[in-house]
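Below is one structure, written out as structure tokens; the observations come after it.
The values are calculated or read from the model by the stated rules, or taken from the named source; none is laboratory data. Keep in mind that what you see is a predicted model, and the values were worked out from it rather than measured. Quick reminder, even Gly has a Cβ in these numbers, built from the backbone with ideal geometry, and neighbours come from all protein chains shown.
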Amino acid sequence: MTKNVALITGAARGIGLATTKLMLGRGWQVAMLDRDSDELASAAEGLEGARPFICDVSFAGQVEETFAAVLETFGRLDAVVNNAGVAEFGPIEETNFAAWRRVMETNLDGVFLVSQASIPALKQTRSALVNIASISGLRASTLRVAYGTSKAAVIQLTKQQAAELGEYGIRANCVCPGPVRTKLAMAVHSQEIIDAYHDAIPLNRYGSETEIAEVIAFLCSDQASYVTGQVIASDGGFESTGVGLPALRT
Ligand SMILES: NC(=O)c1ccc[n+]([C@@H]2O[C@H](COP(=O)([O-])OP(=O)(O)OC[C@H]3O[C@@H](n4cnc5c(N)ncnc54)[C@H](O)[C@@H]3O)[C@@H](O)[C@H]2O)c1
């Protein structure tokens with residue numbers, strides 16, 4: 001029986017690794033892409049059905065070469081998850097152009113490049129693109145001029161993809177995670193930010209990698225066969241609420 005194949009970027013740790021494991025457990029094969037070669041090698045070790053591919057998604061040449069290698073290895077692609085991301089937080093006036101570009105080249109250019117490279121293979125299988133944005137792309141906050149703007153752009157890019165690729169049977173959807181205690185988040189979440197998130201989230205806690213992976217896996221699956229162009233926040237209710245939550249807590 002032919003197994004479905006997912007390509008997941010930023011798969012060496014965090015949400016990407018959790019998604020890899022969840023999908024392997026559901027019978028998928030996974031091409032794990034990451035630019036951190038050491039972490040990728042140790043993450044992929046012992047994962048049956050997964051193969052690591054070292055790739056920096058912000059370089060068009062590397063993306064092109066990696067797609068050729070992935071297709072040679074697996075012969076098909078049934079889902080592409082654009083999960084690789086970086087976070088740098090800082091005030092607008094102190095965010096220099098180099099920091100802005102570092103965020104944009106992975107979070108936005110990377111999604112554009114990987115998605116474009118995947119179109120021929122996804123046309124063959126009439127399957128799924130899932131882009132990982134953030135609640136920071138849905139609601140503005142301080143310190144996120146580059147990160148939040150990159151994620152808002154990913155949301156719009158997803159809608160553009162859904163509009164244009166639907167005629168080929170390709171679905172494009174976007175997941176906006178709330179805060180998860182990964183290396184990325186813990187590097188930029190001060191205690192004040194952690195407290196603020198707890199206050200602003202109806203479920204009153206951070207999410208787990210697996211809780212985000214469940215939503216991604218659903219959107220990759222045939223169970224979501226009539227879902228495209230959607231933005232789904234897996235965020236403990238953050239996006240839906242306004243002021244007053246802490247005042248009403250007992
Ligand atoms: N953790 C959170 O709180 C949170 C919240 C909202 C959105 N997100 C998004 O979820 C995604 C995954 O984040 P995470 O928290 O698991 O982070 P993480 O730092 O644990 O993992 C990100 C992975 O992406 C890889 N990566 C980064 N840039 C790359 C590039 N240019 N090419 C290839 N690989 C690259 C890293 O090496 C790393 O393995 C990101 O897009 C992030 O913006 C995370």
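Listed by first and then second residue, the pairs with beta-carbon distance under 8 Å, at least 6 apart or on different chains, first residue in the stretch 177-200 and touching a residue at least 40 places away in the same chain (Cβ under 8 Å) and more than 15 Å from ALA133 (Cβ to Cβ), second outside any helix (DSSP H, G or I) and acidic (Asp, Glu), are VAL188/GLU88.
Quick grid of which residues meet (1) outside any loop (DSSP other than H, G, I, E, B); (2) within 16 Å of the ligand (Cβ to nearest atom):
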{"site": "GLU64", "(1), (2)": "yes, yes"}
{"site": "VAL70", "(1), (2)": "yes, yes"}
{"site": "THR73", "(1), (2)": "yes, no"}
{"site": "GLY85", "(1), (2)": "no, yes"}
{"site": "ALA99", "(1), (2)": "yes, yes"}
{"site": "LEU113", "(1), (2)": "yes, yes"}
{"site": "GLN124", "(1), (2)": "yes, no"}
{"site": "ASN131", "(1), (2)": "yes, yes"}
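Hey, among the residues in the stretch 162-176 that are buried (at least 16 other Cβ atoms within 10 Å of the Cβ) and in contact (Cβ under 8 Å) with a residue 60 or more places away in the chain, which one's nearest to VAL215 (Cα to Cα)? Give the steps one after another, and end with the answer.
Just the residues of the stretch 162-176 that are buried (at least 16 other Cβ atoms within 10 Å of the Cβ), to begin with: 162, 165, 170-176.
If we keep only those that are in contact (Cβ under 8 Å) with a residue 60 or more places away in the chain as well, we get 162, 176.
Details: ALA162: 18, CYS176: 10 Å.
The qualifying residue nearest to VAL215 (Cα to Cα) is CYS176.
Taken over the stretch 182-201, the residue count meeting the criterion of being surrounded by 14 or more Cβ atoms within 10 Å (Cβ to Cβ) and either over 15 Å from the mean Cα position of the chain (by Cα) or more than 13 Å from the ligand (Cβ to nearest atom) (or both) is 9. PRO120 fulfils the conditions (1) free of Cβ contacts under 8 Å to residues at least 12 places away in the same chain; (2) within 9 Å of the ligand (Cβ to nearest atom) except for a single criterion, (2). The set of residues from the stretch 111-140 being of a type in the set (Gly, Ala, Ser) and in contact with an Asp or Glu (Cβ under 8 Å, 6 or more places away or on another chain) comprises ALA117, SER127, ALA128.
Filter the stretch 9-29 down to residues that are away from the ligand (no atom under 14 Å from the Cβ) and either at pLDDT below 95 or not in a loop (DSSP other than H, G, I, E, B) (or both) and give me whichever is surrounded by the fewest Cβ atoms within 10 Å (Cβ to Cβ).
So, considering only residues that are away from the ligand (no atom under 14 Å from the Cβ) and either at pLDDT below 95 or not in a loop (DSSP other than H, G, I, E, B) (or both), the one surrounded by the fewest Cβ atoms within 10 Å (Cβ to Cβ) is GLY25.
So is ALA79 of a type in the set (Gly, Ala, Ser), in contact (Cβ under 8 Å) with a residue 24 or more places away in the chain and crowded, with 16+ Cβ neighbours inside 10 Å or not?
Considered against the rule, which asks whether it is of a type in the set (Gly, Ala, Ser), in contact (Cβ under 8 Å) with a residue 24 or more places away in the chain and crowded, with 16+ Cβ neighbours inside 10 Å, ALA79 comes out as yes.
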